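Everything below concerns the one structure shown next.
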There are 2 protein chains.
Amino acid sequence: MELLEQRILRDGQVRPGNILKVDSFLNHRLDIDLLDALGAEFYRRFRDAGVTKILTIEASGIAIACMAARHFGVPVVFAKKTRSKNIDGAVYISTVRSYTYGRDYDITLATRFLEKDDRVLILDDFLANGKAVQGLLDICAQAGAQVAGIGICIEKGFQPGGAALRAAGYRLESLAIVDSMSDDGLTFRAE
Amino acid sequence: MELLEQRILRDGQVRPGNILKVDSFLNHRLDIDLLDALGAEFYRRFRDAGVTKILTIEASGIAIACMAARHFGVPVVFAKKTRSKNIDGAVYISTVRSYTYGRDYDITLATRFLEKDDRVLILDDFLANGKAVQGLLDICAQAGAQVAGIGICIEKGFQPGGAALRAAGYRLESLAIVDSMSDDGLTFRAE
């Protein structure tokens with residue numbers, strides 16, 4: 001998606017350790033007009049998928065999930081990373097390895113918010129090793145819900161998450177796929 | 001706000017320890033149509049306040065902040081609760097006491113995303129003891145930014161956060177103020 005690629009080129013920052021910082025528009029400061037355009041693009045790509053619910057993971061997935069949900073006219077549910085006193089009752093649990101934070105963590109979702117009648121669109125801001133998405137897929141499997149598709153704002157194409165999901169047959173749409181990153185700049189995969 | 005009060009009466013659940021669960025529409029499963037209406041209401045109440053930025057705190061504040069930001073046409077910035085490898089550079093830090101999680105935690109915001117020219121609208125889903133809002137006010141003070149107002153979806157009027165903020169002179173607008181909660185139901189403060 002040209003709009004997102006241009007924004008990454010303009011405002012993204014490449015850091016050691018394959019880190020692409022896009023916190024000035026996507027996941028710390030949020031450019032709402034951009035997010036609304038990304039949400040509209042997800043709708044264009046998945047409007048035929050019969051989506052009944054958008055599933056994401058806190059915290060940085062919530063913004064794009066909400067902005068997309070307006071276009072789909074469906075609710076959002078988000079998996080939580082910390083189990084607070086306020087979650088009671090039955091929950092789905094899956095364990096996710098975070099490379100960003102360097103540890104494993106559990107994600108939880110109240111069982112009553114995801115059912116076997118649901119057709120789920122999983123949305124997130126980043127896809128690299130794919131561990132967060134795998135955790136969300138695990139929760140969908142526990143619920144018996146169908147996965148209508150997976151939408152990602154920025155995929156790191158040189159890391160294995162996207163290839164594994166496509167090989168497993170999932171309908172994966174990434175709005176920008178970064179194929180290489182270095183101090184000299186970055187390149188995108190042609191659509 | 002009648003729409004929100006009716007929804008709380010219909011779908012909210014009162015639990016021991018003054019807990020009001022609204023996770024079926026406000027902070028776990030997100031009713032996007034409702035959030036959009038709440039966002040429009042915040043805009044109606046603060047449209048004259050010269051807001052340049054909406055400030056919230058992860059995770060559950062992000063959804064209402066994004067939906068409101070569309071109406072204001074301004075960006076959102078959210079304070080983070082965990083300092084990841086991906087935040088580098090200068091940050092504002094404030095320490096917040098969470099009664100929900102039973103511990104203190106630091107919130108951080110990259111300094112370059114909040115400046116002294118900003119007029120900030122602080123938004124959050126809940127206000128009880130007001131510790132999260134106090135942390136966000138502390139960050140605004142560190143930035144030298146002006147606080148245009150504070151918007152809350154649900155205030156627990158029987159806890160001290162709201163009264164303290166009003167006494168301090170802040171323009172605080174809560175869309176629903178719960179004055180009492182018990183097994184027999186709850187009552188709202190008249191507007």
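Points worth noting:
- ³J(HN,Hα), Karplus 6.51/-1.76/1.60, whole Hz, each residue of the stretch B:36-47, x for Gly, Pro: 5, 5, 5, x, 5, 5, 4, 5, 4, 7, 10, 4
- Dividing the alpha-carbon radius of gyration of the stretch A:23-93 by the rule-of-thumb value 2.2 N^0.38 Å gives 1.23.
- For A:Ala164, inter-copy label distances in nm, listed shortest first [label point 7 Å out on the Cα-Cβ vector]: 4.5
- Highest mean packing comes first when the peptides B:27-38, A:145-156 are listed by Cβ atoms within 10 Å, giving A:145-156, B:27-38.
- Cross-linked pairs A:Lys53/B:Lys80; A:Lys80/A:Lys131; A:Lys80/B:Lys53; A:Lys80/B:Lys80; A:Lys80/B:Lys81; A:Lys53/B:Lys156: Cα-Cα separations exceed 21 Å for A:Lys53/B:Lys80; A:Lys80/B:Lys53; A:Lys53/B:Lys156.
- Taking every alpha-carbon pair under 8 Å whose residues sit at least 6 apart, the stretch A:1-72 reaches a relative contact order of 27 percent.
- Test item: B:106-113 mean partner chain Cβ contacts at 10 Å: 2
- For the stretch B:126-191 versus the stretch A:113-146, the gap between their alpha-carbon centres in whole angstrom: 35
- Inter-chain Cβ neighbour average for residues B:54-65, partner chain, 10 Å: 4
- Three-way shape call for the stretch B:67-153 based on the alpha-carbon gyration tensor, with the a/c threshold at 1.5: oblate
- Normalising the average separation of contacting C-alpha pairs (under 8 angstrom, six or more residues apart) by the number of residues puts the relative contact order of chain A at 18 percent.
- Between the helical axis of B:2-11 and the longest alpha-carbon principal axis of chain B there is an angle of about 70 degrees.
- Per the Cα gyration tensor, the protein assembly as shown maps to an equivalent ellipsoid with semi-axes of 32, 25, 19 Å, ordered largest to smallest.
- Across the identical copies, the 7 Å label point of B:Asp179, projected outward along Cα→Cβ, sits 6.6 nm from its counterparts, in ascending order.
- Percent antiparallel among DSSP beta bridges (both partners in chain B, rounded to 5): 45
- For the protein assembly as shown, the mean residue ellipticity at 222 nm estimated from helices alone is -9000 deg cm²/dmol, where every DSSP H run of n ≥ 4 contributes -39500 (n - 2.57) and the total is divided by all residues, rounded to the nearest 500.
- Angle between chain B longest axis and helix B:131-143 axis [Cα atoms, degrees, rounded to 10]: 20
- Label point of B:Asn18 set 7 angstrom out along Cα-Cβ; within the stretch B:113-137, amide nitrogens under 14 Å from it belong to B:127-132.
- Positive contributions from Lys and Arg (+1) and negative ones from Asp and Glu (-1), summed over other residues with Cβ under 13 Å from the Cβ of A:Gly185, come out at -3.
- Inter-chain neighbour count for B:20-32: the average number of beta-carbon atoms from partner chains within 10 Å of each residue's beta-carbon is 6.
- Computed P(r) (all Cα pairs; chain A; 10 Å bins; percent): 9, 38, 38, 13, 2, 0
- Couplings 3J(HN,Hα) for the stretch B:49-61, derived from phi with the Karplus relation 6.51 cos²θ - 1.76 cosθ + 1.60 (θ = phi - 60°), are 8, x, 5, 10, 7, 9, 10, 9, 9, 5, 9, 6, x Hz, where x marks Gly and Pro.
- DSSP-defined antiparallel bridges as percent of all bridges, the protein assembly as shown, nearest 5: 45
Bear in mind these aren't lab numbers, they're just calculated from the coordinates by the rules spelled out. If you're wondering where the values come from, they're calculated on a predicted model, not measured in any experiment. Please note: Cβ atoms are built from the backbone with ideal geometry, for glycine as well, and neighbour counts cover all protein chains shown.
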